[in-house]
Amino acid sequence: MPNMLTITFLLLAITVNAQTPVLKPPFQDITQQAGINHRFRVYEGMFGGGACVIDFNRDGFEDVFIMGGMNPDMLYKNNGPKAGPMFTNVYEKSGLTVTKGYVTQGAAAADVNRDGWVDLFVTTITSKTKKLPVPRAMNLLFLNNKNGTFRDATREYGLDQLVSFSTGASFGDINADGFPDLYVGNYFNDFKGELTVINDATIVGSTQTSKGYLLLNKGGKKFKDVYDDYGLTHKGFGFGGVFSDYDNDGDQDLIINHDFGYKRTPNLLLQNQYGRSRFLDVATEMKMDLKINSMGTAVGDYNNDGWMDYYFTNIRFNRFMVNNGPGKPFTDQTQQAGLDQFAISWGANFADFDHDGDLDLFVANGDLNPNCVPMADFYFENQNGHFQDNSRAYGLNDYGIGRGSVVFDYDNDGDLDLLVVNQQPILDYPTPSFTRLYQNNSAKGNWLKIALKGIQAESQGIGSRILVVAGSRRMIREIDGGASSHISQNSTIAHFGLGAATKIDSVVVTWTGGKRQTLTNQKPNQLLTITEIPDEPTNPLLWIGATLLLIGVAVAGWRFWQSRTA
């Protein structure tokens, strides 16, 4: 029987333990309690899948659409942090169930018809209902009904005529008219046999590489493929492209990821010749013609020098290409930055997860399916320009078969959380492989989130750039239009870690087309919504009057000159 001294010690231990706060891991896997139950099932081989962050009902909580491949897709409505469960799959009542007939791959979202509501584009590789040769199916466009549902507008927008084997899609405004255009990566024009046999030998024997689609938005009513019209002739094993202003000239350039770049077509860097309907391939001169298996791209200014840098995922070793400024070639800084880790990588996301004012990097890894050799994801913490893999310490070393990954602040607490799409293994696999949602508990400093509301630009500001100045720190972000990471789309709300800064000196928005808008003296730890100030419309009567006045002045001057010389 315990004596009084033992009982006293036990009571003291219980009291101390009750008063000690439970420390959460830096990233906490909350998939199950959040109500998410998903994994991507492949068709014949490794392809897919992605995820798309989209606030489809405009309630201020970001939702997520996740591709299923051979499994059903899922539209997870965000019910807010106080709800239980936080996410509800509303796919069956969403109007998106057309996708059940297709093997889906990736998705991107934008306000296609400029009605203020975000629409959804889904890529596919084949039909589920019948065996089809390559090219196998059309992609799908869904317009937002403004009531929590969508309608299929694929044929209405002329997209049913484009039958393809498509992977990643990205929205951007290449002509700055406010209507978001679309790039779609295509992999094959023709392929015999099952996708499980794709390897170097079969690729060498395949001559049917595919052009991508460059789809120009015609006034929010139709899409027209202008790939050839813009001077593009390239074919490759496309995994999509990402729009980004690499040269800081105010328009959107295009970086295209190609698989098997060492056998066929390397990556492309297409410089937008804005003012002309043309792209110019400058990949070779800029050292961006990467001859790799390019699966996806992370975009970010990792050293805050005002120029966007790019991280490309690959088989074996990824590539980190640093921007050296105007007219100078990029340099490969993979090894110097500590990013030379061996893996098969797909999704990648630059984000200031810890709020210290620089960009960290998450990388989703996964073997080719059906090989299925387990490999953990990476979490690289930026330590003064050098990256340290802290995935195990931060709880992010998942061994699932990773593919697409997205960042968004699902609980609106100011830091960026992470969702990683995992594939269902074809063969036996030693560890669970399900899509994961991670809550970020690692952030310590101040922060700022910025949502753009375009009036003449795309309604979410897709393609626009934001500069935040806080003391000596200058940070830039671009509004993501999709195909970042791997065939996925991150949040369109820009996020900045501020460290100990208690004041934002200025926020400068460069809208698509080059127009600038500045706010000063802003407070941290808020979601700041910036509405575009539209250009003043020109009164036609004033224009006519000014023209007549100029003509009158010219005539009077001519008569005066004639009288002096007579």
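Rounded to the nearest 10 square angstrom, residue 117 shows an accessible area of 40 square angstrom against a 1.4 Å probe. With the whole protein complex present, residue 243 retains an accessible surface near 20 Å², based on a 1.4 Å probe.
Accessible area per residue for the chain is 41 Å², calculated with a 1.4 Å probe on protein heavy atoms, without ligands, DNA or RNA. Across 334, 149, the residue with the most accessible area heads the list, and the full order at a 1.4 Å probe is 149, 334.
For the listed residue pairs 128/235; 235/328; 192/263; 82/453; 128/224; 221/515, the alpha carbons are within 29 angstrom of each other in every case.
Each residue of the range 158-165 was assigned a 3J(HN,Hα) from its phi angle through the Karplus expression (A = 6.51, B = -1.76, C = 1.60, θ = phi - 60°), giving x, 8, 6, 7, 9, 8, 7, 10 Hz with x at Gly and Pro. Where the centre of each part is set by its Cα atoms, how far does the range 416-456 sit from the range 145-212, in angstrom? The range 416-456 and the range 145-212 have Cα centres spaced 24 Å from each other.
Here's how it looks for residue 293: its modeled amide H is under 5 Å from those of 260, 261, 315, which are all 5 or more places away or on a different chain. A simple rule links phi to the HN-Hα coupling: the Karplus curve 6.51 cos²θ - 1.76 cosθ + 1.60 with θ = phi - 60°, which for the range 391-400 gives 4, 5, 5, 9, x, 10, 8, 5, 9, x Hz, with x for Gly and Pro.
Rounded to the nearest 500, the 222 nm mean residue ellipticity of the chain from helices alone is -3000 deg cm²/dmol, with -39,500 (n - 2.57) taken per DSSP H run of at least 4 residues.
Database remark: amide H of residue 493 closer than 5 angstrom to no amide H (H placed geometrically; neighbours at sequence offset of 5 or more, or on other chains; Pro and chain starts carry no H). Each of 474, 392, 465 has its accessible area taken with a 1.4 Å probe; listed largest first, they run 392, 474, 465. For the chain, the longest principal axis of the C-alpha atoms and the axis of helix 540-565 are separated by about 40°.
Less than 5 angstrom separates the built amide H of residue 27 from those of 441, all sequence-distant by 5 or more or on a different chain.
Annotation: lysines with alpha-carbon distance below 18 angstrom to residue 444 (same-chain offsets under eight excluded): 24, 503, 523. Of the beta bridges in the chain, as assigned by DSSP with both residues counted there, near 95 percent are antiparallel.
Would you tell me the accessible area of residue 222, worked out with a 1.4 angstrom probe on the heavy atoms of the protein chains, in Å² to the nearest 10? Here the residue's solvent-accessible area equals roughly 100 Å².
Label-to-label distance for residue 100 and residue 527 is 3.3 nm, based on points extended 7 Å past Cα in the beta-carbon direction.
Projected label points at residue 287 and residue 386, each 7 Å from Cα along the beta carbon direction, are separated by 2.1 nanometres.
Determine, at each q value in 0.10, 0.11 (inverse angstroms), the log₁₀ of I(q)/I(0) that the Debye formula gives when each Cα of the chain is one equal point scatterer. Debye output, listed in q order: -0.78, -0.93.
Plainly put, the range 264-390 has a radius of gyration that is 0.99 times its Kirkwood radius, both from alpha-carbon atoms, as the Rg/Rh ratio.
Coupling constants for the range 443-454 follow from the phi torsions by the Karplus curve (6.51 cos²θ - 1.76 cosθ + 1.60, θ = phi - 60°), and in residue order they are 6, 10, x, 6, 8, 8, 10, 10, 10, 9, 10, x Hz; glycine and proline get x.
Ranking 221, 449, 263, 146 from most to least accessible surface, computed with a 1.4 Å probe over the protein chains only, gives 221, 146, 263, 449. Bridgeable lysines around residue 222 (alpha carbons under 21 Å apart, same-chain partners fewer than 8 residues away excluded): 146, 211. The distance separating the Cα centre of the range 57-99 from that of the range 480-522 comes to 26 Å.
The values are calculated or read from the model by the stated rules, or taken from the named source; none is laboratory data. Not measured: the values here are computed from a predicted model. Positions of Cβ are backbone-derived with ideal geometry, glycine not excepted, and every protein chain shown enters the neighbour counts. Note: accessible area is taken over every heavy atom of the protein model, side chains too, but ligands, DNA and RNA are not part of it. Shrake-Rupley method; radii C 1.70, N 1.55, O 1.52, S 1.80 Å.
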